[in-house]
Structure formats: C-alpha cells, structure tokens
Amino acid sequence: TGEKVAESRDEAQLWGERSLGLFNLRGSVGEAWEWLADTNQIRLTRMASTRLNFYRSVWSGGLISSFSFVEQSADANNDATVLSQTLTSTYRPLSVLSLASNLSIKQERNLSTGIRTDTPGAGFTILYSPLPNRLSLTSATSYTRSFSAAGLTNVGTMGFTTGINWKLGRFLATNDVLSFKLKYNRQLDFTFPSASHDDLTGILQLKVIGF
C-alpha cells in the first residue's frame, strides 16, 4: 500500500439552480486551494460546471459537465486544463433496491508540454436496504484507464467497495450510526509493470448524532 500524504483544502463556490418540470438544472463556479505536503506547494483550481438531472419514480439520471484550470504556485510546468463529462443513471426496481451506474470521460492537457491524458471510466453500484431507515448494504465496482498520446501514461485502476450502515438509534446520542467499509483497489501500470500495486483498506466508524 502507498503512504498517505496529508493535504489541506479550502474552497469557495457560487451556484444557481432551476427546476424545469421533470428536470433540474444546476450551474456553479468556484475555486479550490490545496496545500500539497509532498511538494510544499499550493495548487489552485478554478472550475465551472453544469448538471442536468432527470427524476422519475423508478428512473433517474444526470449529465454533468465541468471545466477546470489547475495551476501550481511554483511550477508552471504542471499547469493544466481539465474537461470532464459524466453520465449517471439510477434504477429502483423495488423500494428496497437501487441500481446505479455511471460513465465518464476526463481529458487533461498540460499547458507546458501540450500532452493530453484521457481517462475514461465506468462504475456500477448496488444499494440494498432490507430494513429501510435502519440497515443498508452497498456494493460497488469501478474501472478507469488513463493514457496519453505520448505513451508516458498507461494505467488501469479497478476498484471494489462493499459497506454496511446500521442505524443504532439511541446508543450514545439520539441517532447513532455504525458503518463499516471495505475497499480494494488494483492499479495496473502497463508502461512500467513494476509500479503496479494493490491497496486494501477497511474503515469502521461510529457516528454520534444529536446529543
């Protein structure tokens, strides 16, 4: 597993939303500042995005488009533009079962070298609530592939996540929630196979809500 690097992040956002019958349109602009501990630099991201959602009792979906300009405080060679498109859908065949999927494509272009990196991806999630408002089970899988025209990057990442949320009710407070999540990622580097690696993490949380 790789060592986690501590980062701090602040952001500001301005957004607007309008309902159009079965559709909902939302637009936003914002900035985010991140301090990267490994390089001791500040990364500034300016972004604009639109989201169109469609709602029905059984089906729902959305189209998300965003554009970002990313710059590093002391290294202009890493400045980049990022354009991403994401298509989402959710199907609820039963009141206790939801099936969600997404398709995405991200294009990142380095402004110094002109190299473009494309990252298509797909994901699928199952949410099952055998005891509505009490117990829910989640299972998700995803795959992304990043590659550049220059052949410098060619990486595939497979992800698997499973989790459980259990509302304990009055335990330490008014509405406590116990959750457990197990996540496995396998990264395959097709350019440098020795750099491929696996990550397995587990998180157990007790959320204390409403004293």
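The values are calculated or read from the model by the stated rules, or taken from the named source; none is laboratory data. Predicted model, so just to flag it, every value in this text is computed and none were measured. Virtual Cβ from ideal backbone geometry, glycine too; neighbours counted across all protein chains shown. When the accessible area is computed, the model is the full protein with side chains, heavy atoms only, and any ligands, DNA or RNA have been set aside. Shrake-Rupley method; radii C 1.70, N 1.55, O 1.52, S 1.80 Å.
Yes or no: residue 189 in contact (Cβ under 8 Å) with a residue 12 or more places away in the chain, touching a helix residue (DSSP H, G or I) at 6+ places or on another chain (Cβ under 9 Å) and closer than 26 Å to residue 77 by Cα? In short, yes. Taking the stretch 63-103 only, how many residues are of a type outside the set (A, V, I, L, M), under 18 Å from residue 33 (Cα atoms) and modelled with pLDDT of 90 or more? Number satisfying all stated conditions: 5.
Annotation: residue 113 fulfils all but one of (1) touching a residue at least 24 places away in the same chain (Cβ under 8 Å); (2) of a type outside the set (Asp, Glu); (3) under 21 Å from residue 26 (Cβ atoms); (4) open to solvent by 50 Å² or more (accessible area, probe 1.4 Å); the unmet one is (3). Taking the stretch 37-56 as the range and being part of a strand (DSSP E or B), more than 30 Å from residue 95 (Cα to Cα) and open to solvent by less than 60 Å² (accessible area, probe 1.4 Å) as the test, the residues that pass are 41, 44, 45, 47, 48, 49. Restricting attention to the stretch 176-211, the residues being within 23 Å of residue 136 (Cβ to Cβ) and of a type in the set (D, E, K, R) number 4. When the stretch 70-103 is filtered for residues that are within 21 Å of the chain's Cα centre (by Cα), more than 21 Å from residue 50 (Cβ to Cβ) and open to solvent by 70 Å² or more (accessible area, probe 1.4 Å), only 91 remains. Can you name the residue in the stretch 158-169 that is farther than 24 Å from residue 190 by Cβ and not small (Gly, Ala, Ser) and, of all such residues, is surrounded by the fewest Cβ atoms within 10 Å (Cβ to Cβ)? Filtering first and then ranking leaves 164.
Residues checked against (1) open to solvent by 50 Å² or more (accessible area, probe 1.4 Å); (2) among the basic types (Lys, Arg); (3) modelled with pLDDT under 95:
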site: 105; (1), (2), (3): yes, no, no
site: 152; (1), (2), (3): yes, no, yes
site: 156; (1), (2), (3): no, no, no
site: 171; (1), (2), (3): yes, no, yes
site: 174; (1), (2), (3): yes, no, yes
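Determine if the stretch 129-146 includes at least one residue that is farther than 25 Å from residue 59 by Cβ, under 19 Å from the mean Cα position of the chain (by Cα), surrounded by 15 or more Cβ atoms within 10 Å (Cβ to Cβ) and among the small types (Gly, Ala, Ser). Yes; the residues of the stretch 129-146 include at least one that is farther than 25 Å from residue 59 by Cβ, under 19 Å from the mean Cα position of the chain (by Cα), surrounded by 15 or more Cβ atoms within 10 Å (Cβ to Cβ) and among the small types (Gly, Ala, Ser).
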